Amino acid sequence: MNDKKTILITGCSTGIGYTTATQLKMRGHRVFTSARKQEDVDRLIQEGFESVRLDLADSRSIQEAIDQIIVLTNGKLDALFNNGAFGQPGAVEDLSREVLREQFETNLFGTHELTNRVIPLMRQQNSGRIIYNSSVLGLVAMTYRGAYNASKFALEGLADTLRLELHGTGIHLSIIEPGPILSDFRKNAFILYKKNINISKSFHQKTYLKMETRLQKEGPAVPFTLPAEAVSEKVIHALESKRPKLRYYVTFPTYLFAFLKRVLPISWLDALLRKV
């Protein structure tokens with residue numbers, strides 16, 4: 001590839017981040033992977049990646065990671081893929097302030113802080129690509145996903161504003177909105193659900209018991225689930241295209257709900273979403 005770019009990707013231990021890093025490396029780009037746990041960083045290095053430890057919930061970790069990359073790249077970074085995130089299940093009335101804060105620390109605040117560290121590098125070179133991995137749940141809200149819904153709605157609000165403010169700088173911003181993707185997302189969500197939701201004292205106890213079955217199911221839990229490569233394809237376009245799109249939908253449910261949100265009365269859409 002003639003137009004080789006240097007890109008930092010968050011959340012590369014498994015799933016979308018790992019798959020995207022692998023695909024981009026194969027296409028000749030210089031990929032800096034990152035992960036929260038040192039053992040994952042060590043594994044990525046053993047697999048041939050340049051990798052740094054980066055915990056989005058820790059400002060010091062973010063700064064140390066950026067400092068490392070500045071040294072390794074002589075201050076040049078062409079792209080950032082904000083992929084790292086997790087989902088905290090639970091009814092809104094069962095989410096404590098602390099649990100909601102933890103969701104936002106990674107999915108919003110850390111992503112925001114990291115992006116702000118990268119923007120000055122891109123301004124100096126008058127170019128750059130910032131790619132956010134959002135979700136269909138950044139478009140519509142679904143029950144028992146309130147913390148994640150809120151974090152992704154907020155992320156898209158910040159990203160849309162940033163895009164307006166970066167106009168004319170040569171820095172392009174894209175948002176990717178996947179629906180159901182094969183990953184460890186549900187497995188990790190189940191761990192947080194057991195840790196942070198007091199099922200025995202919840203009004204939603206019966207619903208939670210049904211939800212546990214879905215969270216523990218191996219393989220696709222819902223129709224139209226796609227492999228992580230479906231997201232990687234969109235990242236590749238957002239990185240390499242001369243005219244990257246502002247938004248990329250992934251999976252049929254994302255296209256469907258984006259359309260329905262535009263055409264249906266809110267009460268009709270609510271009725272549909274309650275059944276999902």
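As a summary of the residue check, Asp58 satisfies the conditions (1) in contact with a strand residue (DSSP E or B) (Cβ under 6 Å, 6 or more places away or on another chain); (2) closer than 24 Å to Arg101 by Cβ except for the one numbered (1).
For Gly48, the criteria (1) at positive phi; (2) in contact with a helix residue (DSSP H, G or I) (Cβ under 6 Å, 6 or more places away or on another chain); (3) among the small types (Gly, Ala, Ser) hold in every case but one, which is (2). The set of residues in the stretch 117-167 that are part of a loop (DSSP other than H, G, I, E, B) and either under 24 Å from Thr20 (Cα atoms) or touching an Asp or Glu at 6+ places or on another chain (Cβ under 8 Å) (or both) comprises Ser127, Ser134, Ser135, Leu139.
Taking the stretch 243-252 as the region of interest, how many residues are in a helix (DSSP H, G or I) and either in contact with an Asp or Glu (Cβ under 6 Å, 6 or more places away or on another chain) or buried (at least 21 other Cβ atoms within 10 Å of the Cβ) (or both)? Don't jump to the end; show me each part of the working.
Here is the first cut: in the stretch 243-252, the ones in a helix (DSSP H, G or I) are 252.
Retained after the next criterion (residues that are either in contact with an Asp or Glu (Cβ under 6 Å, 6 or more places away or on another chain) or buried (at least 21 other Cβ atoms within 10 Å of the Cβ) (or both)): none.
Looking only at that region, the number is 0.
Checked against the criterion of being surrounded by fewer than 16 Cβ atoms within 10 Å (Cβ to Cβ), among the aromatic types (Phe, Trp, Tyr), out of contact with any Gly (no Cβ under 6 Å at 6 or more places or on another chain) and at positive phi, the candidates Phe203, Phe224 yield just one match: Phe224.
Hey, which of the strands (runs of 3 or more DSSP E) in the stretch 10-116, taking only ones fully inside, have at least 2 residues that are surrounded by fewer than 20 Cβ atoms within 10 Å (Cβ to Cβ)? So that I can check it myself, show each step before the final result.
On the way: elements: 30-35, 50-53, 79-82.
Hits in the stretch 10-116: 50-53.
Beta carbons closer than 7 Å, at least 6 apart along the sequence or on distinct chains, pair a first residue in the stretch 59-78 that is at positive phi with a second that is surrounded by 14 or more Cβ atoms within 10 Å (Cβ to Cβ) and part of a helix (DSSP H, G or I) for Gly75/Leu121.
Laboratory data are not the source of any read-out in this text; all were calculated from the coordinates shown. Note that the coordinates shown come from a computational prediction; the quantities given were computed from them, not determined experimentally. Here Cβ is always computed from backbone atoms with ideal geometry, including for glycine, and neighbour counts include all displayed protein chains.
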